[in-house]
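Report on the structure given below.
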Amino acid sequence: MAERENRRGRGRNREEETPEFADRLVAINRVSKTVKGGKRFGFAALVVVGDQKGRVGFGKGKAKEVPEAIRKATEQAKRQMVRVPLREGRTLHHDVNGRHGAGKVVMRTAPEGTGIIAGGPMRAVFEMLGVKDVVSKSIGSQNPYNMIRATLDGLTKESSPRQVAARRGKKVADILRKDEAPAAAPADADA
């Protein structure tokens with residue numbers, strides 16, 4: 001009996017240690033199924049979840065009641081989280097495009113103080129991710145599901161200088177050093 005209580009206690013502590021996620025309800029849709037006696041109504045929810053420190057995910061859930069659909073969507077979103085590297089914890093490292101189906105998105109880095117310039121579902125993704133400055137544009141589909149998937153497609157292509165350096169087998173300083181190469185070329189041309 002005491003062992004069971006200890007095991008239960010450990011489980012509770014483990015849940016309390018996990019980081020708290022913020023969630024945003026993006027869309028709720030009433031769906032119906034036509035049956036012999038008439039129509040049965042249900043609800044589909046689209047939720048974006050993030051820790052506002054570089055992790056984000058989205059989920060969708062269907063149920064007869066709205067709160068249950070939101071709960072299912074939130075659980076799925078927590079399981080499907082991805083990590084995105086951020087520059088200075090506020091913006092993207094480089095401009096990136098994302099695509100899913102007919103939905104296309106363009107995301108660009110922005111100087112400090114710009115804020116989140118994005119519409120609807122994209123704004124929810126950036127806020128849950130923890131991005132403070134970004135300029136983005138949705139082209140094509142206005143379907144919130146496709147917009148979120150296209151945004152996450154672009155964000156998964158995002159790579160930090162550290163990741164690029166590791167992939168190339170170089171140091172971060174070698175990749176970020178820009179002023180040396182152009183200065184050397186004109187000096188050789190004059191000589």
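Out of all the residues in region 95-123, which are closer than 11 Å to Gly154 by Cβ and open to solvent by 50 Å² or more (accessible area, probe 1.4 Å)?
Of the residues in region 95-123, the ones closer than 11 Å to Gly154 by Cβ are 95-100, 103-108, 122.
Across region 95-123, the qualifying residues are Asp95, Asn97, Arg99, His100, Lys104, Arg108.
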For region 110-117, indicate whether the set of residues that are more than 19 Å from Arg24 (Cα to Cα), assigned to a helix (DSSP H, G or I) and of a type in the set (S, T, N, Q) is non-empty. no
Show the residue pairs that are 6+ apart or on different chains and have beta-carbon atoms under 9 Å apart, the first residue being within region 130-141 and farther than 15 Å from Val48 by Cβ and basic (Lys, Arg), the second being open to solvent by less than 20 Å² (accessible area, probe 1.4 Å) and assigned to a strand (DSSP E or B). Lys132/Thr91; Lys137/Val105; Lys137/Met107
Just name the residue that is nearest to Ile139 (Cα to Cα) out of those in region 90-109 that are within 14 Å of the chain's Cα centre (by Cα) and in a loop (DSSP other than H, G, I, E, B). Leu92
Could you check Val56 against (1) open to solvent by 30 Å² or more (accessible area, probe 1.4 Å); (2) closer than 25 Å to Pro161 by Cβ and say which number it fails? (1)
Of residues in region 33-82 being β-branched (Val, Ile, Thr) and part of a strand (DSSP E or B), the one nearest to Thr156 (Cα to Cα): Val82
I'm checking my understanding of the structure. Among residues of region 124-139 that are β-branched (Val, Ile, Thr) and part of a strand (DSSP E or B), which one is surrounded by the most Cβ atoms within 10 Å (Cβ to Cβ)? Val134
Could you tell me whether any residue of region 76-85 is under 14 Å from the mean Cα position of the chain (by Cα), open to solvent by less than 90 Å² (accessible area, probe 1.4 Å), closer than 30 Å to Arg162 by Cβ and not aliphatic (A, V, I, L, M)? yes
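The values are calculated or read from the model by the stated rules, or taken from the named source; none is laboratory data. Just so it is clear, the model here is predicted, and its values are computed rather than measured. Because the Cβ atoms are built from the backbone with ideal geometry, glycine has one as well, and the counts that use them run over all protein chains shown. Surface accessibility is based on the protein's heavy atoms, side chains included, excluding ligands, DNA and RNA. Shrake-Rupley method; radii C 1.70, N 1.55, O 1.52, S 1.80 Å.
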